[in-house]
Amino acid sequence: FALTRDGDDWKIPTTASAWRQLTKFLWPEVRKWSRRIKWDVVGREPLDERYELQTISLKLTTGEAFAVASDNHEFIEGAHADHIMYIFDEAKAIPDATFDAAEGAFSGMGEVFALAISTPGAPMGRFYDIHKRKPGYEDWWVRHVTVDESIQAERISSSWVEQRKKQWGENSSIYRNRVIGEFAADDEEGVIPLSWVEAAN
């Protein structure tokens, strides 16, 4: 997003469920993957890690990507630019108020995107509402990455999947959340699992 819009006015606010998610996971991943870019195809030199790609920000000529805490939604308000992309990492645990605060940027006439990524959790919250396409969220495009796609991409192994199936049980909510990628919060004490009720709806 940054490389294709530099020269214009752009911003990329990034937020997550916790500050450590930004500093220890998201931004180190950005740095790692930036080293794998085929810069000759992009048509520029690799990002300078002293002046452009810093610890938790990317500063180019006309814009910046930066980390913002999600626990204080007022801090995420006020992003104004011709081109904006919000990134919500571990979106299942980001408070609804943070999503609402970012929503103000979508009212402008410029180009604005949001990317909300996470493993699913309990069937509640904004990330769940987006995936269930509840009223008001029809303008979000939803993509579920399957366990088979993850194995094929070599991001997880089939042996790990089989071991977690044995460990947690194929119908457990933790297996369905972390392996299958479904929203689940079945109560072991319950008579009818929540997933059955949702399927019936």
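The table below gives the values:
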| quantity | calculated |
| --- | --- |
| Pair list, Cβ < 7 Å and 6+ apart or interchain, from segment 157-182 residues that are under 23 Å from Ala91 (Cα atoms) to residues that are surrounded by fewer than 17 Cβ atoms within 10 Å (Cβ to Cβ) and of a type in the set (Lys, Arg) | Tyr175/Lys165 |
| Test set (1) touching a strand residue (DSSP E or B) at 6+ places or on another chain (Cβ under 7 Å); (2) in a helix (DSSP H, G or I); (3) open to solvent by 40 Å² or more (accessible area, probe 1.4 Å); (4) not β-branched (Val, Ile, Thr) - Leu26 fails condition number | (3) |
| Matching residues in segment 12-28 - criterion: being of a type in the set (D, E, K, R) and modelled with pLDDT of 95 or more | Lys24 |
| Of the criteria (1) touching a helix residue (DSSP H, G or I) at 6+ places or on another chain (Cβ under 9 Å); (2) surrounded by 14 or more Cβ atoms within 10 Å (Cβ to Cβ); (3) free of Cβ contacts under 8 Å to residues at least 12 places away in the same chain, which one Ile37 fails | (2) |
| Per-region count, segment 5-17, residues among the small types (Gly, Ala, Ser) and either buried (at least 17 other Cβ atoms within 10 Å of the Cβ) or under 15 Å from Val112 (Cβ atoms) (or both) | 2 |
| Given (1) assigned to a helix (DSSP H, G or I); (2) surrounded by fewer than 20 Cβ atoms within 10 Å (Cβ to Cβ), number of the condition Glu45 does not satisfy | (1) |
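The values are calculated or read from the model by the stated rules, or taken from the named source; none is laboratory data. In this text the structure is predicted, and so the values were computed from the model without any measurement. Neighbour counts are summed over all protein chains in view; Cβ atoms, including those assigned to glycine, are modelled from backbone coordinates with ideal geometry. Accessible surface is based on the protein model in full, side chains and every heavy atom, while ligands, DNA and RNA are left aside. Shrake-Rupley method; radii C 1.70, N 1.55, O 1.52, S 1.80 Å.
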